[in-house]
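To start, the structure itself, in structure tokens.
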Amino acid sequence: DVSGLNIKGARIEVATNNHCFAAPIAGLCNNSNISDCIISNSYVSLTDSAKMWGTGGIAGFGNGNLDNVSTDVTLVCIDTDKQVKDEQFMGGVIADGYMTISNCNINIAGYDSDHGYVHDGGIIGMNMPYPKGSQESGNIRNCTVNGFITFFEDNTDRRAYCSAIYGEM
């Protein structure tokens, strides 16, 4: 559990060839509770060539509960391998997984360059029950999203999802 944490000016830059999720509070969260936190003026950049990877404004991948958190973050994803048809995720709160998210203020500037599937959302890149087979999906209540996500997808046989709340359900 994380509560009452204030992060100002974090700069996270990761370059890897492995599955990776990068975010200011947690790359992986499992049944986590994150509350009453402020993330301001922060930057998360992930350059990767793996099959599954992404960035989040608060957490990278997983599940749990998030309440009363504000984030002001720039997220960057750069895919370096045109041959690997990857799954890339970006979310103002969480890149991939599911959370119950309440009373949050998200400011996001997102930049994405990819060769595979793109799943980008102002709150969640892809809302996906985890672990596999789980019947839970999380809820979103009383949240605001400001900003933008822009992406370039270089392929002819993959699809892209990008929206204000969920990139893909």
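The values are calculated or read from the model by the stated rules, or taken from the named source; none is laboratory data. Remember, it's a predicted structure, so these values are computed and weren't measured experimentally. With ideal geometry, Cβ positions are generated from the backbone for all residues, glycine too; neighbour counts draw on all protein chains shown. Just so you know, the surface numbers come from the protein's heavy atoms only, side chains and all, with ligands and any DNA or RNA stripped out. Shrake-Rupley method; radii C 1.70, N 1.55, O 1.52, S 1.80 Å.
A compact table of results
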| quantity | calculated |
| --- | --- |
| The range 69-94, residues that are assigned to a strand (DSSP E or B), over 19 Å from ARG158 (Cα atoms) and open to solvent by less than 10 Å² (accessible area, probe 1.4 Å) | VAL69, THR71, VAL73, LEU75, GLY91, ILE94 |
| Any hit, the range 27-46, residues being out of contact with any Leu (no Cβ under 6 Å at 6 or more places or on another chain) and not in a strand (DSSP E or B) | no |
| Residue that is nearest to ASP112 (Cα to Cα) [pool: residues in the range 152-169 that are open to solvent by 80 Å² or more (accessible area, probe 1.4 Å) and either in a strand (DSSP E or B) or of a type in the set (Ser, Thr, Tyr) (or both)] | PHE152 |
| Selection from the range 6-27 of residues that are over 18 Å from VAL93 (Cα atoms), among the small types (Gly, Ala, Ser) and surrounded by 14 or more Cβ atoms within 10 Å (Cβ to Cβ) | none |
| Test: residue in the range 116-128 that is over 26 Å from CYS37 (Cβ atoms), open to solvent by 50 Å² or more (accessible area, probe 1.4 Å) and part of a loop (DSSP other than H, G, I, E, B) | no |
| Residue check, ASN107 in contact (Cβ under 8 Å) with a residue 12 or more places away in the chain and over 21 Å from ILE149 (Cβ atoms) | no |
| Flag if MET99 is in contact with a Gly (Cβ under 8 Å, 6 or more places away or on another chain), under 17 Å from SER45 (Cα atoms) and either aliphatic (A, V, I, L, M) or open to solvent by 60 Å² or more (accessible area, probe 1.4 Å) (or both) | no |
| Index of the failed condition, LEU46 passing every other in (1) farther than 20 Å from TYR98 by Cα; (2) modelled with pLDDT under 95; (3) surrounded by 24 or more Cβ atoms within 10 Å (Cβ to Cβ) | (2) |
